[in-house]
Each structure stands twice: as C-alpha cells, then as structure tokens.
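This report concerns only the one structure given below.
The values are calculated or read from the model by the stated rules, or taken from the named source; none is laboratory data. Values in this document were obtained by computation on a predicted structure and should not be read as measured data. Every residue, glycine as well, gets a Cβ built from its backbone with ideal geometry; the counts of neighbours run over all protein chains shown.
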Amino acid sequence: MTLERLQKILAERGIASRRHAEELIRAGRVTVNGQLASIGMKADPDRDDIRVDGRPLPPPQPKRYYLLYKPQGVITSLKDPQGRPTVKDLIRGIRERVFPVGRLDWDSEGLLLLTNDGELSLRLSHPRYEVPRQYLVKVKGVPQEGTLRRLRAGGVPLEDGPSPPMDVRLLKRTRRSAWLEVTVREGRNRVVRRTFEALGHPVRRLRRVAFGPLRLEGLRPGMYRPLTPKELKELKKWLRM
C-alpha cells in the first residue's frame with residue numbers, strides 16, 4: 001500500500017493545484033472512505049474511496065502543459081463566484097482538466113502556465129526554488145536612481161513583510177510615466193504593485209513576460225499553446241526534476 005498526502009493526490013488527478021486542494025479539504029469538500037478529510041491526511045489512491053463534492057476522483061490523466069497569454073480583466077481561476085471571466089473561459093479547447101500555476105492579478109496580463117502536473121506546479125510556486133518572474137511594468141512618474149536602488153536592495157516595508165530584492169532596469173521614460181523591466185523571485189500576492197505603490201509610483205500596467213525559462217513569445221492576449229518538448233525539458237531541468 002502506497003500512502004500519499006491528499007493534496008498531492010488531488011493535484012495529480014487534475015482536480016486542483018496543491019494550494020487549492022488544501023482549501024477544498026479545509027472546506028469539508030473531500031472525503032476518504034466516507035469520512036471527512038483533514039489537512040495532513042494520507043490515502044492510497046488505488047484502494048481508498050476518495051471523493052470531492054461527493055464525486056469519485058477521475059482516473060489518472062496524461063500530464064499536459066500549456067502557456068496562456070492571460071488578458072487584463074480575466075480571473076486566474078477556474079471559476080468565480082461573482083461571475084467574472086476566468087481563464088477557464090479561454091481554454092475550452094483543452095480536453096484535460098488543467099489548473100493555473102501561481103497568481104496573475106485580474107488587472108495584470110501575460111504569461112500563465114496551466115498544467116495537471118501537481119509536482120511541477122508545487123516546485124514552480126515554492127519559495128525554495130526561487131523561480132524568477134519577469135515583468136514589463138508601466139508606472140506613474142519616473143523612478144529616480146535612489147528609488148531603483150531601494151527596489152534592487154529590497155526591504156521596502158509592506159503590510160506582510162519587507163519587499164524582496166528585485167532586478168530592475170529602466171527601459172523608457174516620458175514626462176509622466178516610465179516602463180521598467182522587473183524580475184522578482186517570489187510569488188507573493190501583488191508584491192510588485194504594492195512595492196511600487198509604497199515608493200510613490202503606482203503601477204499603470206503590468207505584463208508578465210517570463211516565468212523561469214518560459215517566455216511569452218508568439219502569443220496574443222487570450223491565446224494559448226502547448227509547451228514544446230524542448231521547453232518542457234528545460235523547465236524540468238530548471239526545477240531539478
């Protein structure tokens with residue numbers, strides 16, 4: 001008998017990412033052999049009767065990997081209680097059940113990876129692997145050199161702790177705004193937006209152009225494509241898989 005953590009089983013069956021799987025368990029939506037599941041519980045997916053919302057798990061699926069150009073005004077989720085557009089609305093042509101890796105805000109755009117590979121999703125999201133996320137960012141005003149140094153050093157006070165160090169390069173400036181290339185190695189919620197806001201330069205537009213070795217190239221907003229074998233091999237090498 002092989003016992004595995006429930007959130008890992010749910011992720012590998014394409015139900016949800018591990019983080020969302022934990023939310024399902026906490027919400028009382030998962031049972032094992034008729035008993036309500038709890039965080040930390042282990043089970044054997046081949047022998048135990050594991051259900052989500054009363055429905056048995058689907059059989060194991062082949063691993064799938066897609067790049068999506070998420071437009072602004074779309075929620076990075078498979079459903080939204082408020083009825084707003086979600087990434088699921090953009091991937092109706094994908095037959096397998098896949099889920100987004102990491103966050104990309106409603107008002108942000110750019111590269112989003114969707115997969116049913118729970119282990120790869122965990123590694124991409126886990127702070128231990130320090131996977132870089134690169135953005136093109138338009139801000140109000142033009143940050144001066146002292147501000148750029150503060151961004152690079154990190155430590156800008158935020159409500160959930162100091163900002164992380166960022167690689168920052170000024171690309172273009174006008175009298176009222178500037179475009180910058182920003183790379184950060186953690187996925188804390190809205191950390192780029194909140195850091196620039198704290199320094200007096202609210203973000204006007206934010207586009208993710210890279211996630212680890214993956215690049216946003218050849219896609220228009222709302223379009224998606226499968227990863228190439230070369231991209232997948234490079235990504236797994238990056239994550240030491």
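Details
- Test: I9 is out of contact with any Ser or Thr (no Cβ under 9 Å at 6 or more places or on another chain) and outside any strand (DSSP E or B): yes
- For segment 23-55, a tally of residues being buried (at least 18 other Cβ atoms within 10 Å of the Cβ) and outside any loop (DSSP other than H, G, I, E, B) returns 7.
- Sole exception among (1) at pLDDT below 95; (2) crowded, with 17+ Cβ neighbours inside 10 Å for V137, by number: (1)
- Selection of segment 164-191 for residues being closer than 20 Å to G110 by Cβ and without any contact (Cβ under 8 Å) to a residue 40 or more places away in the chain yields P164, M166, D167, V168, R169, L170, L171, K172, S177, R188, V191.
To keep it simple, each residue is scored yes or no on (1) of a type outside the set (A, V, I, L, M, F, W, C); (2) crowded, with 16+ Cβ neighbours inside 10 Å; (3) on the phi > 0 side of the Ramachandran plot.
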site	(1), (2), (3)
N189	yes, no, no
V192	no, yes, no
F196	no, yes, no
G200	yes, no, yes
R208	yes, yes, no
F211	no, yes, no
R220	yes, no, no
R225	yes, no, no
T228	yes, no, no
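- Test result for L120, farther than 30 Å from R204 by Cβ, assigned to a helix (DSSP H, G or I), in the same structural domain as G222 (by TED's automatic domain parsing) and touching a strand residue (DSSP E or B) at 6+ places or on another chain (Cβ under 9 Å): yes
- Identification of strands (runs of 3 or more DSSP E) wholly contained in segment 129-226 with 1 or more residues that are among the hydroxyl-bearing types (S, T, Y) yields 133-140, 177-184, 224-226.
- Extreme residue, nearest to the chain's Cα centre (by Cα), among residues of segment 227-241 that are assigned to a loop (DSSP other than H, G, I, E, B) and at pLDDT below 90: L239
- K70 outside the structural domain of V184 (by TED's automatic domain parsing), surrounded by 12 or more Cβ atoms within 10 Å (Cβ to Cβ) and in contact (Cβ under 8 Å) with a residue 60 or more places away in the chain: yes
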